[in-house]
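Below is one structure, written out as structure tokens; comments come after it.
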Amino acid sequence: MKTKNFQLINHQWFTDSRQVTGAASDAQLADAVFFAIQGEHHDGHDFIGELYKKGIRQFVVERSALTPDRRTELMHYADATFIEVDSSLQTLQTLAAEQRRTVHIPIIGITGSNGKTIVKEWLAQLLEGGQVFPDFIIAKSPKSYNSQLGVPLSVHQLNESHTLGIFEAGISKVHEMQELETIIRPTIGIFTNIGTAHDEGFRTRKQKIAEKLRLFIHADTLIYCADYTDIDEEARLLLKAVNPNIQFVTWSLKGRQATYQGVIQDDKLTLTNSDGSSIELKLPFFDRASVENLLHCLVTMLTLQPWPKETLQSRLNRLRPVSMRLEQKEGINNSVLIDDSYNNDVAGLQLALSFLNQQSTRSRRVVILSDVLQSGQPENDLYEQVGDLIRANDVGQFVGIGPIVSQNAHFFADNSLFYTTTDAFLAQFPFNELRDSTVLVKGARPFSFERIVARLERKVHGTVLEINLDALTHNLNYYREKVGSDTKLMVMVKAFAYGSGSAEVAQLLQFHRVDYLAVAYADEGISLRQNGIDLPVMVMNPAPETFDALLAYNLEPEIYSMRILREWGEFVQEAWSKGQGAGSLEPGLSSDILPRAPRPIHLKIDTGMHRLGFLETELSEVASYLKNHPNLHVATVFSHLAGSDDAQFNAFSKQQYETFLRSTAVLEAALGYRPTRHLLNSAGIVRFPEYKLDMVRLGIGLYGVEASGINQSALQTVGTLRTVVSQIKTVRAGESIGYSRRGVLDHEARIATLAIGYADGYDRRLGNSIGHVWVNGTRCPTVGNICMDMTMIDVTSAMVSEGDEVLIFGPELPITELAKQMQTIPYEILTGVSDRVKRVFFKEGN
Ligand SMILES: *Cc1c(COP(=O)(O)O)cnc(C)c1O
């Protein structure tokens, strides 16, 4: 097998099989390299066959993954090259480091607890200057690609036309930075700040600082804020010791010793150099975090070269908030919008297109794209590449906006539309054409694509539930890690995915290849199928009226009683005799299932919950029925713990587990095969790993609530419910607020009326100061009874104006707290957010 690693540098790299999409240009795929990585959640080696079929011919594979069976499999791909290594990730890192050594331009490396991505994006915005004659041609990490895998992929973008690189490095454990340093090898460093993120991976804060400082052991210059005295001390003590020639360029807003002294007054910054020179600039943002990020950027600019004050000011004025979010929104004409309107480079385009691929719930895909700025590639190559990407992602309609993309129309399909400006697009585009499409809107900043989004978006009135898809992924991975790769995962998406939106959540779960989905009713399963979900789906309450649909949509019933077993058995028997298989009732539904293939069922055993399920004593009857009905196949057997979240029921849980084991043994012996066994829900996974068996059923944990309360901090908040202030008024003491005059004021108060009521899911039990909401950083109590569509709160102590956003629950106000106030459980709050509240899905981008 070949080992000429250096040759791989000039090829396109893939590490995620999902990014290699269908019809990509064959030559491009044949030239690309796939690095098979054994991760905690996926093993890249499992997808080699699939990728070979798509046209990939070069693979980097790990020795430890090459079992004899796998070697036999790989022999079938005779014209492919397999490069055997110990670690694919390490190979990727080594290659990127080699590539870095061939480049001799300034490279800015950024680390720190917060602000890395914003500083990187702002610096790029500030430094690139004019579109036509940029000051710098910049290669930068896409979005927040700053991990052990993200960094080599970022650095791999460097080519000979770039004049500056800006890369970020993020670490969560000791010893990780060393690797990233060899790959980035920054000449200029920025240490943004130090906070508590990832504290658990380090013994002390000093250790964390020391580890981060390793990024700069070969740098010429390090920029940081001297007001972080820990950073200042450790840099002088540790970094100086290993890199004595390094220059520190520091700044302070508190008068500490530093290269630059900053003074902020209103929106003005005066920055005085230690040489006595000074400039005054008007800042575009003045919250604390933005000011810090801006100062890092300004000091970096001044370190690179001198700038006329007017240039600095005009570039600052053009600065936009960094939106790294790819937002999925409801559009006009039943369309779905994916909003990525602040950024347009090729790497980002690739990410956005794979998101489009992943989340398409409409069959037609439309891409609206501006000129691609600052790629550093010759125009011809660039647009050829963009054209290929668009084709590879099955885009039905391409719309190019900008003079340059318009000139390169020949790289795009014949039905593509081109406009030289955003104004021309808005004036001339036939918007009706977007009906029933998924539309990606992606543009570079100067094209103001936010105006296009405003035109296409179905206006959201008042209250929205934001769903963070990255948090969902994080939580999924947390539970996957807990159960390990030998245990399968069924995810509960009943009740509109616990209120979060079934189609979109299921879409994401399908992308992450979970094993099973489960819903409560046939309708929910049908809706999943209609939204393109083809994972196996278990239906927990299969009513006989829905049997036709179960069969047609290939949904798998939970069988919990002899009655339902006989009804389903007879139904399937009849379908067999008529030659009907899955998909036979629904013309558009294709399926490989033969009419006479046995139908999968899921047997529910009642081990103590006493809800649905067979008692242990009924199982011999079940088994003998099944023996006589070969048209039914028991795919899984399961039961449900009644008190998995609470230690006082541990003995009972154990008893349920033992009953379950006895029951499955009886069934197995009688059936002659072993169905998949599952018992645990979310709390069970955390509290009883020893009962995990062959599969677990993840529910509320995916949505960010750790039901046992042991490990809440390991999960991320998925849903944020927001509303807006409709009106504010001052009301005298003694007056009453709302229905039945319940909220009598004991002080003169500013009262805000919110656009949310119990019909939206803001529970009436939260009225009369029981509940609080979060208004611009202040907790404000409800006043009086909650109405159907409105709620009044006391904002006397808050800074707030009409139209401001108010947080009902979310990261700052956990659902668990609301649940306590209401004396209920988080499940009820999540699933209680009503249908009329719009769901907005977003993703931070990486
Ligand atoms: C809803 C449900 C689950 C998931 O429970 P969580 O507590 O949300 O994890 C698991 N099993 C069954 C049978 C369920 O109905």
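The values are calculated or read from the model by the stated rules, or taken from the named source; none is laboratory data. Because the structure is predicted, anything quoted here is derived from the model rather than measured. Please note: Cβ atoms are built from the backbone with ideal geometry, for glycine as well, and neighbour counts cover all protein chains shown.
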State whether the residues of region 704-715 include one that is within 16 Å of the ligand (Cβ to nearest atom), within 30 Å of His633 (Cβ to Cβ) and touching a residue at least 40 places away in the same chain (Cβ under 8 Å). no
Just a yes or no: is a residue in region 197-211 within 14 Å of Ile110 (Cβ to Cβ), touching a residue at least 40 places away in the same chain (Cβ under 8 Å), assigned by TED's automatic domain parsing to the domain that holds Ala235 and surrounded by fewer than 24 Cβ atoms within 10 Å (Cβ to Cβ)? no
Examine region 827-835 for a residue that is of a type outside the set (A, V, I, L, M, F, W, C) and surrounded by 17 or more Cβ atoms within 10 Å (Cβ to Cβ), and state whether such a residue exists. yes
Give me the pairs, please: first residue somewhere in region 3-29 and assigned by TED's automatic domain parsing to the domain that holds Gly49, second residue anywhere and assigned to a helix (DSSP H, G or I) and modelled with pLDDT under 80, beta-carbon distance under 7 Å, and either six or more positions apart or on two chains. Gln12/Gln28
For the structure I just gave you, tell me whether His629 is in the same structural domain as Lys604 (by TED's automatic domain parsing), touching a helix residue (DSSP H, G or I) at 6+ places or on another chain (Cβ under 9 Å) and either surrounded by 19 or more Cβ atoms within 10 Å (Cβ to Cβ) or modelled with pLDDT under 95 (or both). yes
Out of the residues in region 334-350 meeting the condition of being modelled with pLDDT of 80 or more and surrounded by fewer than 20 Cβ atoms within 10 Å (Cβ to Cβ), tell me which one is farthest from His512 (Cα to Cα). Asn334
Any hit, region 694-702, residues being in contact with a helix residue (DSSP H, G or I) (Cβ under 6 Å, 6 or more places away or on another chain) and more than 11 Å from the ligand (Cβ to nearest atom): no
Taking the conditions exactly as written (of a type in the set (A, V, I, L, M) and outside the structural domain of Leu158 (by TED's automatic domain parsing)), does Ala124 satisfy them or not? no
State whether the residues of region 226-233 include one that is assigned by TED's automatic domain parsing to the domain that holds Leu126, touching a residue at least 60 places away in the same chain (Cβ under 8 Å) and crowded, with 18+ Cβ neighbours inside 10 Å. no
Out of all the residues in region 692-729, which are buried (at least 22 other Cβ atoms within 10 Å of the Cβ), among the hydroxyl-bearing types (Ser, Thr, Tyr) and under 29 Å from Arg677 (Cβ atoms)? Tyr703
With the requirement that a residue be buried (at least 17 other Cβ atoms within 10 Å of the Cβ) and either part of a helix (DSSP H, G or I) or polar (S, T, N, Q) (or both), what does region 417-432 give you? Thr422, Phe425
The number of residues in region 473-501 that are under 16 Å from Phe842 (Cα atoms) and away from the ligand (no atom under 14 Å from the Cβ) is 3
Let me confirm something: among Ser644, Ser653, Ser639, which residue is buried (at least 21 other Cβ atoms within 10 Å of the Cβ), within 16 Å of the ligand (Cβ to nearest atom), without any contact (Cβ under 8 Å) to a residue 40 or more places away in the chain and not charged (D, E, K, R)? Ser653
So is Val666 under 11 Å from Leu603 (Cβ atoms), away from the ligand (no atom under 16 Å from the Cβ) and without any contact (Cβ under 8 Å) to a residue 60 or more places away in the chain or not? no
Residue that is farthest from Leu369 (Cα to Cα), among those in region 434-479 that are assigned to a helix (DSSP H, G or I) and small (Gly, Ala, Ser): Ala471
Please specify each residue of region 670-689 satisfying the condition of being without any contact (Cβ under 8 Å) to a residue 40 or more places away in the chain and more than 16 Å from the ligand (Cβ to nearest atom). Gly672, Tyr673, Arg674
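Yes/no per residue for (1) in a loop (DSSP other than H, G, I, E, B); (2) of a type in the set (D, E, K, R):
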| site | (1), (2) |
| --- | --- |
| Gln377 | yes, no |
| Asp381 | no, yes |
| Gly387 | no, no |
| Ile390 | no, no |
| Val395 | yes, no |
| Phe398 | no, no |
| Val405 | no, no |
| Asn415 | yes, no |
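Going through Val806, Val800 one at a time, which residue ends up being more than 16 Å from the ligand (Cβ to nearest atom), assigned to a loop (DSSP other than H, G, I, E, B) and either among the small types (Gly, Ala, Ser) or in contact with a strand residue (DSSP E or B) (Cβ under 9 Å, 6 or more places away or on another chain) (or both)?
Just a single option satisfies the conditions, and that option is Val800.
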Going by what's in this entry, would Asn554 be described as of a type outside the set (Phe, Trp, Tyr), within 16 Å of the ligand (Cβ to nearest atom) and either touching a Cys at 6+ places or on another chain (Cβ under 8 Å) or outside any strand (DSSP E or B) (or both)? no
I'm checking my understanding of the structure. Among residues of region 245-272 that are among the polar types (S, T, N, Q) and within 38 Å of the chain's Cα centre (by Cα), which one is farthest from Asp227 (Cα to Cα)? Thr250
Being under 25 Å from Leu508 (Cα atoms) and of a type in the set (Val, Ile, Thr) is the filter here; which residues of region 817-846 pass it? Ile829, Thr831, Val833, Val837, Val840
Would you mind stating whether Thr617 is more than 30 Å from Val464 (Cα to Cα), among the polar types (S, T, N, Q) and without any contact (Cβ under 8 Å) to a residue 24 or more places away in the chain? yes
